[in-house]
1. Choose one answer from HIS28, HIS114, HIS92: the residue with the largest mean-square fluctuation in a GNM of the chain with alpha-carbon springs under 10 Å.
2. Along the charge dipole of the range 8-170, Cβ charges K/R +1 and D/E -1, which of ALA90, GLY124, SER145 sits furthest on the positive end?
3. In whole angstrom, note down how far apart the Cα centers of the range 45-94 and the range 122-157 are.
4. Helix-only mean residue ellipticity at 222 nm, the chain, DSSP H runs n ≥ 4 weighted -39,500 (n - 2.57), per residue, nearest 500. What is it?
5. Could you tally the net charge around THR7, taking each other residue with its Cβ under 14 Å from the Cβ of THR7, Lys/Arg +1 and Asp/Glu -1?
6. On a 0 to 90 degree scale, rounded to 10, what angle separates helix 128-142 from the longest Cα axis of the chain?
7. Could you tell me how many degrees, from 0 to 90 and to the nearest 10, lie between the Cα long axis of helix 8-24 and the main elongation axis, the longest principal axis, of the Cα atoms of the chain?
8. What residue among CYS45, ALA25, THR55 has its Cα farthest toward the positive end of the dipole of the range 8-170, where the charges are +1 on Lys, Arg and -1 on Asp, Glu, each on the Cβ?
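Just so it is clear, none of the values below were taken in a lab; they were calculated from the coordinates. These numbers come from a predicted model, not from an experiment. Virtual Cβ from ideal backbone geometry, glycine too; neighbours counted across all protein chains shown.
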Amino acid sequence: MEGVHETPEQLDRLQALLDASATAAGAHLRSIVIEERRVDAGRLCALLTGMRLLTVATVTADGRPIAGPVDGYFLHGAFWFSTSRHSVRAQHLSMRPAVSATHVPHERLAVSAHGMAVLFSFPGSETDELRQAMLDHYLPLQGASFEEWLEGMSDGVAGRIDARKLFAFSMPDS
């Protein structure tokens, strides 16, 4: 079942991060993400339930950025995603954990997180909620074959983005 996963303490931390990020933003971003367009922690969590496509950017050894899509899940105030331990993305993050991720489903909402990726074995006990979120999303779409595929995954890794900056923009309803 999809829903908000955050405790009151996690919501408070998330709100403090959103506020600090907005305060530290550059003049141009502050001119776009004005007070009426800012999203508070509770609303952000409600907007980000279920699977949300993220564009995740990592950095190569010679400093080139590489960005690509992942299935993202917002759990306990942080974006999570999974991939193969042998993927280029996982290789980058294991050596250089700096990461940026953006969710832009349409022109009325944008969420960007910048911070450090923490990697976990997947599946594993620390990633049970991510696994369940994936099952909640994909079982209705793909049936039991998805769970069989997930259970058979032997080279998985999950990433949690520990954001140091988090920006959320939403155009108010007309």
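1. Result: HIS28 has the largest fluctuation of those listed.
2. With unit charges placed on the Cβ atoms, the residue in question is ALA90.
3. If you average the Cα positions of each part, the centres end up 16 Å apart.
4. Using -39500 (n - 2.57) per qualifying helix, the result is -10500 deg cm²/dmol.
5. Summing Lys and Arg as +1 and Asp and Glu as -1 gives -3.
6. 80 degrees
7. Here the helix axis deviates by roughly 60 degrees.
8. ALA25
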